[in-house]
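Take a look at the structure below.
The values are calculated or read from the model by the stated rules, or taken from the named source; none is laboratory data. Keep in mind it's a predicted model, so treat the numbers as computed, not measured. All Cβ positions, even for glycine, are placed from backbone atoms using ideal geometry, and neighbour counts span all protein chains on display.
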Amino acid sequence: MPNLIRFAVYIALFLLITLNARPASAYVLSAQDELPVLSAPSQSREGYFVLKLSEAPSQALWVEYSTNPEFTKVVRTYPWFGDFDRMTLSGFSNGEHFFRLRSNNQPQANQTQLSNVVKVRVDHYPLWQAIGLFLVGLVVFLFLAGLIWTNHQRSRNDD
């Protein structure tokens, strides 16, 4: 019986948390709402980075991604999730990447608001450095494994 009660409590907590979370699509866009300021690191060496808002969103937002600062062609659009003021994006190749916020899902509509444009330059670590770190780790691993095996053999021979 206690497992049934515990299960019911977990389900109740899950529903309570889920129902209290407000997705960004629940917001109603009004004309006086200003878009938050978008910021990002200027450079990323790993191909992932965090986009930040100056404040939590008060309306449904989408992040537009382009490879040029004029946004003549929007490559991808990411929906901003809920009340969070940060979004992590990953999987970007070397080069310059540009992002901005859009407040309306229909770009042709008159109510569309656009935010400032941020630029992130991705410059991955060189391959020789990654291979070098891997080889150093391999040498340390083999040394430790050999040390453990040698000491294990010695302790078996002493018994």
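Structure values in brief
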quantity	calculated
Residue list for region 33-51, restricted to those being part of a strand (DSSP E or B) and surrounded by fewer than 16 Cβ atoms within 10 Å (Cβ to Cβ)	Ser39, Gln43, Val50
Cross-chain or 6+ apart pairs with Cβ under 6 Å, region 77-93 first and in a loop (DSSP other than H, G, I, E, B), then among the hydrophobic types (A, V, I, L, M, F, W, C)	Trp80/Ala24; Trp80/Leu61; Gly82/Ala24; Asp83/Ala56; Asp85/Leu53; Asp85/Ala56; Phe92/Val122
Residue pairs meeting the criteria (Cβ under 8 Å; at least 6 apart or on separate chains; first under 25 Å from Asn94 (Cα atoms), in region 25-51; second modelled with pLDDT of 90 or more and acidic (Asp, Glu))	Gln43/Asp123; Ser44/Asp123; Arg45/Asp123
Selection within region 55-92 - of a type in the set (S, T, N, Q) and surrounded by 13 or more Cβ atoms within 10 Å (Cβ to Cβ)	Ser58, Gln59, Ser66, Thr67
Residue within region 148-158 that is among the polar types (S, T, N, Q) and in contact with an Asp or Glu (Cβ under 9 Å, 6 or more places away or on another chain) present	no
